[in-house]
Amino acid sequence: MEVTLLGTGDTTGTPTVGCDCDTCERARDPDADLRGRLRARGVDPDDGVERSRFSVYVRNNETGESLLVDASPDFRHQFLTQDVPLPDAAIVTHVHFDHLDGLGNAYRLFDDLPVYAADETDPVTGESVAEGIRSRYDYLDTVSVHAQTPYEPFTVAGFEVTLVPVEHPPLLCYGLRIEEPESGAVLAISGDTCYEIPGRSKAALSDADLALVEGIVHHEACEYHPAGGTHRDDDGIPRTFGTKHMTLDGARDFAADVDAAAYRIVHTAHFVPADRAFADDIAVDGERFSL
Ligand SMILES: [Zn+2]
Ligand SMILES: [Zn+2]
Ligand SMILES: [Zn+2]
């Protein structure tokens, strides 16, 4: 399994348009230390650090097929700058802008793009993620939606894939377990979520070769969230920012909880201070992993 991180940022991305904070400035013009560390991670530092809106490209080494996890609004830029062909299928984890709105790119680029998503009805919206995609993209004949039941593995692009319910109130959202059957390689993706998720979901995300875990901000930022922070560790540090995202501390604990052989924190915002935002365990666009 070959994993390419196409988009590793939150909903505004880093750098954020119109922002001149220290983190966005350091992303635009990395210093020598950061350039060296990016090169060591296989990322070209010359165009700066990108954390565009979330998307992951997964290639199946056994069948040659590929799968796109989430349709980033940065789809076009991602496929122009990262050396990967168009995918054979896609999965959408939830209906927030930064994970869904790239689907319009299916127009003219695909004859058929099968999109897989959960079939559970969301009590807030009255529709499942699959129905939400169908209703928004009913004008696009190239998109076909395939509803799947959470926790029940299905096959797509030669992978065994499981939609794993997580906690991202008020919307239903799903993490993913993606397994390559012959090699047994496993990729786990937390999806957008707070720290506390059902035990069955944590089990389904466990023992991966690589875990991509959402971590949006440093824990001190909870002070500025109307809902504060929750799911505190033994030292009182919040692992959830507000109600629907993890702090960086939460993401690191989550990665340890699910016992991943390796992990990266994804979906990180530019609010993280510049001296902490580019730690080596926080993903940047263009990182690749062979599992
Ligand atoms: Zn900024
Ligand atoms: Zn979201
Ligand atoms: Zn998001």
Based solely on its DSSP helices, what 222 nm [θ] is calculated for the chain when runs of n ≥ 4 H residues each add -39,500 (n - 2.57) and the sum is averaged over all residues, nearest 500 deg cm²/dmol?
-> -4500 deg cm²/dmol
Can you give the accessible area of ARG41 in Å² (nearest 10), computed on protein heavy atoms with a 1.4 Å probe?
-> 40
Cut-off under 5 Å, modelled amide H: who pairs with HIS146 long-range = VAL115, TYR116, ALA117
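Expressed as a rounded percentage, what relative contact order does the range 2-290 have, with Cα pairs under 8 Å and six or more residues apart?
Numbers: 706 pairs, mean separation 56.5, N = 289.
Once divided by the residue count of the range 2-290, the mean separation gives 20 percent.
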Using the Karplus curve 6.51 cos²θ - 1.76 cosθ + 1.60 with θ = phi - 60°, work out ³J(HN,Hα) for each residue of the range 2-18 in order, rounded to whole Hz, and write x for Gly and Pro.
-> 10, 10, 10, 7, 7, x, 10, x, 8, 6, 9, x, 10, x, 8, 3, x
Under the definition of Cα pairs under 8 Å and six or more residues apart, what whole-number percent is the relative contact order of the range 66-193?
-> 19
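Write down the accessible area per residue of the chain in Å², having rolled a 1.4 Å probe over the full set of protein chains. Don't skip to the end; give the middle numbers.
On the way: 11970 Å² over 291 residues.
Counting only protein heavy atoms, the per-residue value for the chain is 41 Å².
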Relative compactness, the range 38-144, computed as alpha-carbon Rg over 2.2 N^0.38 Å | 1.16
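Assuming R0 = 35 Å, can you tell me the calculated FRET efficiency for the pair GLU182 and ASP20, based on Cβ-Cβ distance, to the nearest 0.05?
Numbers: r = 49 Å, r/R0 = 1.41.
Efficiency at R0 = 35 Å is approximately 0.10.
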Mind jotting down the distance between the C-alpha centroids of the range 149-170 and the range 72-108, whole Å?
-> 18
When the accessible area of the range 212-291 is computed with all protein chains present and a 1.4 Å probe, what percentage of it is carbon and sulfur?
-> 48
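Relative contact order of the range 24-123, please, whole-number percent, based on alpha carbon pairs below 8 angstrom and at least 6 residues apart. Numbers along the way, then the final one.
Values: 124 pairs, mean separation 21.1, N = 100.
Rounded, it is 21 percent for the range 24-123.
If one computes P(r) from the Cα atoms of the chain, what percent of pairs lie at distances over 36 Å?
Numbers: 4143 of 42195 pairs.
Tail fraction, whole percent: 10.
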Could you give me the ³J(HN,Hα) list for the range 63-68, computed from phi with Karplus coefficients 6.51, -1.76, 1.60 and θ = phi - 60°, whole Hz, x at Gly and Pro?
-> 10, x, 7, 9, 10, 9
Accessible area, 1.4 Å probe, largest first: how do ASP249, ASP259 sort?
-> ASP259, ASP249
Integer Hz, Karplus 6.51/-1.76/1.60 couplings in order for the range 174-182, x for Gly and Pro | 10, x, 9, 10, 10, 10, 8, x, 5
So for THR243, THR162, what's the accessible-area order with a 1.4 Å probe, most first?
-> THR243, THR162
Give, rounded to the nearest 20 debye, the magnitude of the charge dipole that the chain has about its Cα centre when Lys and Arg contribute +1 at Cβ and Asp and Glu contribute -1 at Cβ.
-> 240
Where labels lie 7 Å past Cα in the beta-carbon direction, separation of SER135 and THR230 in nm | 2.7
Residue among LEU38, LEU176, LEU187 with the largest mean-square fluctuation in a Gaussian network model of the chain, springs linking Cα atoms under 10 Å | LEU38
Give a quick list of trypsin sites (Lys or Arg not before Pro) in the range 108-212 that DSSP marks as loop, anything other than H, G, I, E or B, with at most 10 other Cβ atoms within 10 Å.
-> ARG108
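The values are calculated or read from the model by the stated rules, or taken from the named source; none is laboratory data. Given the structure is predicted, the values throughout are model-derived calculations rather than measurements. Counting neighbours? That spans all protein chains shown, and the Cβs are built from the backbone with ideal geometry, glycine included. Protein only, heavy atoms only, side chains kept; ligands, DNA and RNA dropped before computing areas. Shrake-Rupley method; radii C 1.70, N 1.55, O 1.52, S 1.80 Å.
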